[in-house]
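Following: one structure in structure tokens, then a few remarks.
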Amino acid sequence: MKRWLSSGFCVLLLGLALYPLAGTGYGIRFMLQLFMWIALAQSWNLISGLTGYVSFGHIVFFGMGAYTAAILIAKLGWPWLLASLAGGVGAIVLATVIGWPCLRLKGPYFAISMLGLNEVLRVAVSYFEGLTGGGSGLSLPSLYASVAIYYSMGIVALAVTALAYVVVTSRFGLRLMTIREDEIAAEAMGIDTFRYKLYAFLLSAVGPGIVGGLAARDQSYIEPVSVFPLIMTITMIVMVLFGGKGTIWGPVLGAVLLFTLQEMIWSRFIYVHQLLFGAIIVIVVLFMPRGILGVLQQKYNLPRTI
Amino acid sequence: MLGQVVISGLLAGALYAMVALGLGLIFGVMRVLNVSHGPLLMLGAYTTFWLFQWLGLNPYLSLLVTMPLLFLVGMALQRLFVRRVVDAPELSSLLLTFGVSIAIVNLAQLAFTADLRSVEYLTGSFVWGPFAFSKSRVIACAFAIVITTAAFLFLRKTRLGKAVRAVSQSREVAQVCGIDVGRIHMLAFGIGSALAAAGGSLVAVMVAIQPEMGQVYTFKSFLVIVLGGAGNYPGALLGGLLLGLIEQLSSLFLTTQVNEAVAYVLLVLVLLVRPTGLLKGRA
């Protein structure tokens, strides 16, 4: 079983690597965005799925990465790949500043702080017009690099998933899950909970930061409203919950299913999008808290690493 | 100038205190942070708007409708959804109320459209010596004080109120004493939502009404609770007044655009320096 799965996975990766040779423009864009969502969902899972600390503003790291990269590209002429990596660094810096005060305390403080942070950064970006272009946004010199961005996004998605695998199967991951199940017990067992929560938070910020930089390059134009949207955080959360929080492949499964559905069907029902997402969150939390993958794992007695 | 700012701050603060007391009550009794508190406030504001639009009902009289109505909505939310996650890890209740919150906002967009609405009532200001205060704010403050006082008298003096406080101190002991904890939870959620609704009705006269107006109140109410000390009900009053004052003072020196950022920096500072709040609460 395991050999079949891993060889299937290799074939899939090979197919994805060769896809730009044959794919249409639309197909490449579709896959590029799917990779982006996998990276985002997987990152949210690292902090919220594993430690149980809900981040209601995770897209703030995406926005931070987007602005860091866009400013470096537009004002300093950095190459976009390097600028996107710098976006990841920017996201880590922001995560340190916010995680330091907020992760010392229990869940609700962190959750609401993240909800507020997103709004504040959006206001701040509009306010410092000299650097960010304010509300009218920031344009990047045009560049046709869809295929290069496709590979970059794909590598980030793969890297974040590999990171999730390493974390979940390590002692570090066990500590995080202990914090989720019972933080006081974790502390009593000698786990420095604050330190590990902060590590998990920093790891969860890198991916969105880099992806934000790549997305900024891909769209060539960013503005405060387009890179700090609450709906993107909601989408990440729904993907992870639906697929199975705290698992390695749950976020990937959730991202693939939901993003495909969204592209095929839901884009026609844009007005009830949030209602639908809200309903999914409520239903999953109440009736299927382990998500699709969790249910499958339990039913077929699969190992935790699947 | 300073006097004007201080009094404006206290006027706004009384309203914050009332709305935050609602959130704090639910948090204190159930350990559930109701992320949909702000959207419930928005529903209160819309109820007032439509009653004014259709029936010409005085916005302040509409409190008699919005508060009982949202009391029922709150009880229903507790009964249908929140009850099932009270004992689950915080993750569940946060996500659940978040899901409810975005669903409510989307429903409001569908039902009421995203147009900005306003209740054209009681414009103009009271002028008193060198000061001038908009009438709607002064009256909102007066109502907030009356409603908050009533809520406190209920919690302090009545048997039911004492039962609510007992549950928030220790659920097990309260249960042993024969208090129906499930009923108290419903009651607390109902009262909390009614306080949010009162806030909505009162701000309906002052600001533009739109489906996304509520979220910022979830954040500010939470900030007020943190300032005052979580689970400490008088602390919510102090926190509310303080937030009102600080916002007004900051608007003296900065543009009003960064108001929200000031509140945020304040939250982070309090969490760093004194996470239990000014009056001691439970962190």
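Values quoted throughout were computed directly from the atomic coordinates according to the rules given, and no laboratory measurement underlies them. The structure displayed is predicted, hence computed values, not measured ones. Here the Cβ positions follow ideal geometry from the backbone for every residue, glycine too, while neighbour counts run over all protein chains shown.
Miscellaneous remarks
- Residues whose amide H comes within less than 5 Å of that of residue A:57, counting only those at least five positions distant or on another chain, are A:115 (H built at 1.01 Å from N in the peptide plane).
- Chain B: most fluctuating residue of B:66, B:113, B:97 per GNM, C-alpha cutoff 10 Å: B:113
- Most positive-pole-ward Cα, B:177, B:189, B:143, against dipole of segment B:115-192 from beta carbon charges: B:177
- Mean separation of Cα pairs under 8 Å and 6 or more residues apart, divided by the residue count, gives chain A a relative contact order of 30 percent.
- Environment charge of residue A:119, counting only residues whose C-beta is closer than 15 Å and scoring Lys/Arg +1, Asp/Glu -1: -1
- For chain A, the percent of C-alpha pairs falling in each 10 Å distance bin, counted from 0 to the bin holding the largest distance, reads 6, 27, 36, 23, 7, 1.
- Beyond 20 Å, the tail of the calculated P(r) for segment A:168-282 holds 57 percent of the Cα pairs.
- Average beta-carbon neighbours from other chains, 10 Å sphere, peptide B:81-92: 4
- Per-residue Karplus couplings for segment B:75-80, computed as 6.51 cos²θ - 1.76 cosθ + 1.60 with θ equal to phi - 60°, are listed in order as 4, 5, 4, 4, 5, 7 Hz, Gly and Pro entered as x.
- Contact order relative to length of chain B, as percent, for alpha carbon pairs under 8 angstrom and 6 or more apart: 39
- Residue-averaged beta-carbon neighbours from other chains (10 angstrom radius) around A:103-115: 6
- The peptide list B:197-203, A:133-139, put in order of mean Cβ contacts within 10 Å with the highest first, becomes B:197-203, A:133-139.
- For residue B:125, distant residues with modelled amide H under 5 Å away: B:135
- Near residue A:244, the amide H atoms lying under 5 Å from its own belong to A:292, A:293; only residues 5 or more places off or on other chains count, and H is placed 1.01 Å from N.
- In a fully extended conformation the segment linking residue B:252 and residue B:153 would gain 32.0 nm over its present Cα-Cα distance, using 0.36 nm per residue.
- Farthest toward positive dipole pole in segment B:2-214 [+1 Lys/Arg, -1 Asp/Glu at C-beta], among B:164, B:101, B:60: B:164
- Nearest-20 debye value, chain B charge dipole, Cβ charges on Lys, Arg, Asp, Glu: 880
- For segment B:230-246, the Karplus equation 6.51 cos²θ - 1.76 cosθ + 1.60, evaluated at θ = phi - 60°, returns couplings of 4, x, 10, 5, x, x, 4, 5, 4, x, x, 4, 4, 4, x, 4, 5 Hz by residue, with Gly and Pro reported as x.
- Point-charge dipole on Cβ atoms (K/R +1, D/E -1) for the protein assembly as shown, about Cα centre, debye to 20: 1320
- Look at the stretch B:26-36: the mean tally of other chain Cβ atoms within 10 Å of its residues' Cβ atoms is 2.
- Per residue, the average separation of C-alpha pairs within less than 8 Å and at least 6 apart gives segment A:70-153 a relative contact order of 28 percent.
- Cβ-placed point charges (K, R +1; D, E -1), dipole of chain A about Cα centre in debye, nearest 20: 640
- Under 20 Å from the Cα of residue B:220 - lysines, other chains or at least 8 residues apart: A:106, B:280
- Computed from the alpha carbon atoms alone, the convex hull of the protein assembly as shown holds 159 Å³ per residue.
- For segment B:151-161, 3J(HN,Hα) per residue [Karplus equation, 6.51 cos²θ - 1.76 cosθ + 1.60, θ = phi - 60°, Hz, x = Gly/Pro]: 4, 5, 4, 4, 5, 7, 9, 8, 4, 4, x
- Bridging of residue B:135 to aspartates and glutamates at a Cα separation below 13 Å is possible for B:120, once same-chain residues fewer than 8 apart are set aside.
- Peptide ranges B:157-170, B:22-35, A:117-130 listed from the most packed, as the mean C-beta count within 10 angstrom indicates: B:22-35, A:117-130, B:157-170
- Residue (of A:81, A:126, A:46) at the positive-pole extreme of chain A, dipole from beta-carbon charges: A:46
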